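Heads up, the thing below is written out as structure tokens.
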């Protein structure tokens, strides 16, 4: 793990009218680690991640990538920094086919500057088959695909373009057991390649299997940031529900590691 | 449809859009029906020539309307914008510039198209950057530019236009003659052959499934037949009191050029892909990094330019500028796009469909005029056809 964090989000603020959706939250992410971002619905975790992915402007605070200050105002800016997002809503254009969605906004061109659909289809076949060998109907509109196939397209979209920072918002919510395992394996593989991953999840299994650290949010505040070894599932649930650790808590691994 | 049904198998192998086939079939039924009802007048070279010219103005604007509606917007102002730019063109050409000067008509066309683009940009700006619904912005445009068309000359009709300019309207001399029509046909067939070959090579190179060679040849022959048939019909209509073939009318050539250009824009540019993505899921388009605002603005600019082109043809054909030009054209244009399968919910539509839609509407209009149906009754029938077409579309989508 290197010294400079891949991402530092410092003192991030976001307000909607009177609601303080994100209140002075700071998180960081190092290369090759998975940080779980946890909390109830409406705790502000999705909001925080949308700020990083450029889908939502921030009201205060600073985002640094590789130690450099950034101006992330829209998704294009975020992508330019290598930040890719898998949205919970999947963010697919239902009327287009899988290759068109995979390359949306970043199409492959011929030498005349026109869309190179055949090349995109060939690339899409490769990447989608790697994720799911049973994926054959890639030229159908995404609308007609199963939840799992749609999820695979959304994931392929995020990893195809050499992401350095990956935000996964409930990536397994719509998936069956085998596909969930595929996503878990993929996450582990990407981490080993040095990609930093923010994982938003409600599934404690996923969190404890995949994450190196967790950040817990409640009512727009960050109520806890721990290495995964320090906490038990009950500790995490206590943070999510009550906003604090159980009374008399001490790090499960006896402390020591920072 | 069963696996063994031979017709279904052929259709699947040819990868043709079944909806498009249904539309062509309906058009053929309408044509044959009208031919019977008019005692053989409808399907004469002369009438088909006129039908082609009549369809071109609505067809040109309908290609732009497809993009507008696919992007989940609407443009109610196209008739007024066409009237206003037409009046500006006619007024400049006749009242302001020297009539007969060589530079006059090309300059007025240039100004007209630029004006169309500027009006499109104006409306597109309000829609894209201020978030006012396109319905409201273009309803405002419908009133403003209709009023503007009157104000240009205080309602006076401006005439006559430059004689060379008049050729663009497809009048007596406004067609390219027999030889050039054949040249056009041969070039078109060559292009179809080249595209078929290129496409097949590219799919083979990527090791994708290709159509059976027999199907490929059959499709090519079908296109060749259509092109030759079209040229033959246009060449079978003579100039008055002569045996001189007219050939393809200039406005139809302009329409063909617009169809090709707009199909390319919709199908092979990233801009076209973004328009469809926005229509399918605006949020996803935004999150994919697409500049949704700029794309929306450009859609309206294109629509404006197409209104300018339609204005040129209309003024050239009328040989005048009249402030009533394009009155209610927005309804025909929207109807053509919708009959052609463009979904008002956005995300779905095709240029070819809109052209078929325009031809279907114009055929009914033309056929009923030949039959002596009153204009009031024609409106009733066209209105019913519009509802019927959308009903058909809804049923078709439900069944899938």
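Read-outs: derived from the displayed coordinates by stated rules, not from any lab. Nothing here was measured: the structure is a model prediction, and the numbers come from that model. Cβ coordinates were reconstructed from backbone atoms using ideal geometry, including for glycine residues, and neighbour counts include every protein chain displayed.
Which of rounded, prolate or oblate describes segment B:303-372 when judged by the alpha-carbon gyration tensor and an a/c cut-off of 1.5?
It is oblate, given that a/c is not under 1.5 and a/b is not larger than b/c.
Could you tell me how far the Cα centroid of segment A:38-86 sits from the Cα centroid of segment B:239-304, in Å?
36 Å
Apply the Debye scattering formula to chain B, with a single equal point scatterer on each alpha-carbon and no solvent, then give log10 I(q)/I(0) at q = 0.07, 0.09, 0.14 Å⁻¹.
For chain B at q = 0.07, 0.09, 0.14 Å⁻¹, log10 I(q)/I(0) is -0.34, -0.58, -1.41.
Does segment B:1-126 classify as rounded, prolate or oblate by the C-alpha gyration tensor (a ≥ b ≥ c root eigenvalues; a/c under 1.5 gives rounded; else a/b over b/c gives prolate, otherwise oblate)?
It comes out oblate by the Cα gyration axes.
For helix A:147-160, report the angle its Cα long axis makes with the longest principal axis of the Cα atoms of chain A; keep it between 0 and 90° and round to the nearest 10°.
The answer is roughly 90 degrees.
What's log10 of I(q)/I(0) for the protein assembly as shown at q = 0.05, 0.06, 0.07, 0.08 Å⁻¹, Debye sum over Cα points only, no solvent?
Per q value, in the given order, log10 I(q)/I(0) is -0.32, -0.44, -0.58, -0.72.
Using Cβ counts within 10 Å as a stand-in for footprinting exposure, how do B:153, B:164, A:85 rank, fewest first? Provide the component values of the computation, followed by the final result.
Working: B:153 18, B:164 14, A:85 26.
Ascending Cβ contact count within 10 Å gives the list B:164, B:153, A:85.
What are the semi-axes of the equivalent ellipsoid for segment B:175-248, taken as the square roots of 5 times the Cα gyration tensor eigenvalues, largest first, in whole Å? Each step should come with its number before you reach the end.
On the way: eigenvalues 247, 25, 6 Å².
Square roots of five times the eigenvalues give 35, 11, 5 Å.
Using only Cα atoms and rounding to the nearest 10 degrees, what angle (0 to 90) does helix A:117-131 make with the longest principal axis of chain A?
Result, in degrees: 40.
On C-alpha positions alone, give me the angle between the axis of helix A:233-242 and the longest principal axis of chain A, in degrees, nearest 10.
Around 80 degrees separate the two axes.
Fewest Cβ neighbours within 10 Å first, please rank A:118, B:154 accordingly.
B:154, A:118
Over what distance in Å are the Cα centres of segment A:204-258 and segment A:111-178 separated?
33 Å
If you rank B:368, B:161, A:108, B:395 by fewest surrounding Cβ atoms within 10 Å, what's the result?
Details: B:368 19, B:161 25, A:108 16, B:395 9.
Fewest to most other Cβ atoms nearby, the residues stand as B:395, A:108, B:368, B:161.
Would you calculate, for chain B, the mean residue ellipticity at 222 nm contributed by helices, counting each DSSP H stretch of 4 or more residues as -39,500 (n - 2.57) and dividing by all residues, to the nearest 500?
Mean residue ellipticity, 222 nm, calculated: -24500 deg cm²/dmol.
Taking every residue in A:49-55, how many Cβ atoms of other protein chains lie within 10 Å of its Cβ, on average?
Numbers: counts 0, 1, 0, 0, 1, 3, 3.
Going residue by residue through A:49-55 and averaging, the value is 1.
Please build a GNM for chain A, connecting alpha carbons under 10 Å apart, and tell me which residue among A:144, A:172, A:110 fluctuates the most.
Answer for the Gaussian network model of chain A: A:110.
In terms of the Cα gyration tensor, with a ≥ b ≥ c the square roots of its eigenvalues, is segment B:203-285 rounded because a/c is under 1.5, prolate because a/b exceeds b/c, or oblate?
oblate
Per residue of chain A, what 222 nm ellipticity follows from adding -39500 (n - 2.57) for every DSSP H run with n ≥ 4, rounded to the nearest 500? Kindly include the intermediate steps, with their values, before the conclusion.
Working: 8 runs with 82 residues, N = 258.
The per-residue figure over chain A is -9500 deg cm²/dmol.
Please work out the Cα center distance from segment B:355-380 to segment B:22-55, rounded to the nearest Å.
Here the answer is 10 Å between Cα centres.
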